[in-house]
Amino acid sequence: MIHFQEISQQQFLCEYWQKKPLLIKQALPNFITPLVADELAGLALEEEFESRLITGSIQSQDWSLRTGPFNECDFANLPEKDWTLLVQGVDRYIDDIHSLIQHFDFIPRWRFDDVMISYAATGGSVGPHFDYYDVFLLQGSGKRRWQLSSKNCEMDNYLDNAPLRIMSEFIPEQTFDVEPGDVLYIPPKVAHHGVSLDDNCTTLSFGYRAYSAKEMYDFIEKPCPTKLENTYYQDPQWQENQDPAFIPNSAIKQAQKILDISEDEFARFVTTPDTNDVKILQDFEYENPNSSLVMHPASKFAKIKRAAPSLKEKCYLNGEVRIAD
């Protein structure tokens, strides 16, 4: 688990989660990244991985974006600095990366999305931007400087002609230099700009789902009211030492503030795999028809306690309901 140092886990859940950023120095002491830069580049050559190459800097504002799969010539022709490689969903394929998720299981696992890993040369960045989801940024190797801001986090504050979402006005309020083992938590709608300080900078991003009202309405096959199209689900107050698989009633009530959704519908919604994960699971089943029952990293699982103690738990796997044996 994460070493919170000066605060407790419960204090983080009460005061920081979905509220304000937090730098946790040496959250994972003596951390050594399981995947080095050359190995990450190797993954970006494969079709299975969603990968991107971004070049540019906030000084030049000359940004470019290319999507993979790449070839060795693509990397050989990169400039000496100001570029970043991003590879999405690495936890689906690399067990050593998937096992790191357990360090963050004080947040329910059904809220988790995926692990993205970046490598950046000196000056490498993806520009200042904000997201609608929560993320823990674990520094894997090298050093990175992060600048954060709560100002102007609006959709009309993006460069018009950039190939990716980069804020046109970014006013830093906090600056942190991070080293291996440091974790920076960033809640939704907090702008962040990370710049590599050396040629050995890898960062592991543990991202969590942002459930939009439109997604939830689409799932129950009802039209989303126009006034709710930009509304997102907000977590309840999580409790320390909770089972990461359980969906508490408080979470369902939070969803019901947005729409009329039953506990079954919500549980199936949060455990339904996305298109990429469906393909991963289908390929795995095809290639391993006789394998024993195993929870694949792309699978999504959750449980709900029944009202009567004598009733068995309801379990949800990849969008389907099951009764626990």
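As an exercise: evaluate Thr202 against (1) among the β-branched types (Val, Ile, Thr); (2) within 21 Å of Tyr316 (Cβ to Cβ); (3) assigned by TED's automatic domain parsing to the domain that holds Pro79 and give the number of the one condition it does not meet.
Here Thr202 clears every test but (2).
Based on what the data block shows, is Ser125 of a type in the set (S, T, N, Q) and in contact (Cβ under 8 Å) with a residue 40 or more places away in the chain?
yes
Residues in region 76-83: is at least one in a helix (DSSP H, G or I), crowded, with 17+ Cβ neighbours inside 10 Å and touching a strand residue (DSSP E or B) at 6+ places or on another chain (Cβ under 6 Å)?
No, the conditions are met nowhere in region 76-83.
In region 1-47, which residue that is small (Gly, Ala, Ser) and closer than 24 Å to Asp114 by Cβ is surrounded by the fewest Cβ atoms within 10 Å (Cβ to Cβ)?
Gly42
Failed condition for Pro273, given (1) farther than 22 Å from Arg322 by Cα; (2) under 23 Å from the mean Cα position of the chain (by Cα), with all others met?
For Pro273, the exception is condition (1).
Give me the pairs, please: first residue somewhere in region 10-31 and farther than 23 Å from Gln242 by Cα, second residue anywhere and of a type in the set (D, E, K, R) and in a loop (DSSP other than H, G, I, E, B), beta-carbon distance under 6 Å, and either six or more positions apart or on two chains.
Matching pairs, first to second residue: Lys25/Asp182.
Just the residues that are over 22 Å from Ala191 (Cβ atoms) and assigned to a strand (DSSP E or B), please, taken from region 116-135. Spell out the reasoning first.
Narrowing region 116-135 to residues over 22 Å from Ala191 (Cβ atoms): 119, 121-122.
The one that is over 22 Å from Ala191 (Cβ atoms) and assigned to a strand (DSSP E or B): Tyr119.
What pairs can you find where one residue is in region 154-175 and among the hydrophobic types (A, V, I, L, M, F, W, C), the other is loosely packed, with under 15 Cβ neighbours inside 10 Å and not in a loop (DSSP other than H, G, I, E, B), and their Cβ atoms are less than 7 Å apart, with a gap of 6+ or different chains?
Once the first residue is among the hydrophobic types (A, V, I, L, M, F, W, C) and sits in region 154-175, its partners that are loosely packed, with under 15 Cβ neighbours inside 10 Å and not in a loop (DSSP other than H, G, I, E, B) give Leu164/Leu65.
Of all residues in region 177-215, which are hydrophobic (A, V, I, L, M, F, W, C) and surrounded by fewer than 17 Cβ atoms within 10 Å (Cβ to Cβ)?
Here is the first cut: in region 177-215, the ones hydrophobic (A, V, I, L, M, F, W, C) are 178, 183-184, 186, 190-191, 195, 197, 201, 204, 206, 210, 213.
Within region 177-215, just Ala210 meets the criteria.
Got at least one residue in region 95-102 being on the phi < 0 side of the Ramachandran plot, touching a strand residue (DSSP E or B) at 6+ places or on another chain (Cβ under 6 Å) and buried (at least 19 other Cβ atoms within 10 Å of the Cβ)?
Yes, the conditions are met somewhere in region 95-102.
Sort through Glu48, Glu39 and tell me the only one that's in a loop (DSSP other than H, G, I, E, B) and under 26 Å from Trp83 (Cα atoms).
From the options Glu48, Glu39, the qualifying one is Glu48.
Can you report the number of residues in region 48-66 which are loosely packed, with under 10 Cβ neighbours inside 10 Å and modelled with pLDDT of 95 or more?
Residues in region 48-66 being loosely packed, with under 10 Cβ neighbours inside 10 Å and modelled with pLDDT of 95 or more: 0 in total.
Hey, among Phe112, Phe70, which residue is closer than 28 Å to Gln282 by Cα, touching a Phe, Trp or Tyr at 6+ places or on another chain (Cβ under 8 Å) and aromatic (Phe, Trp, Tyr)?
Phe112
Confirm whether Pro223 is modelled with pLDDT of 95 or more, assigned by TED's automatic domain parsing to the domain that holds Leu259 and more than 20 Å from Ser149 (Cα to Cα). Spell out how you get there, then give the answer.
Details: modelled with pLDDT of 95 or more: yes; assigned by TED's automatic domain parsing to the domain that holds Leu259: yes; more than 20 Å from Ser149 (Cα to Cα): yes.
For Pro223, the condition - modelled with pLDDT of 95 or more, assigned by TED's automatic domain parsing to the domain that holds Leu259 and more than 20 Å from Ser149 (Cα to Cα) - is met.
The values are calculated or read from the model by the stated rules, or taken from the named source; none is laboratory data. Computed from a predicted model, the values in this text were never measured in an experiment. Because the Cβ atoms are built from the backbone with ideal geometry, glycine has one as well, and the counts that use them run over all protein chains shown.
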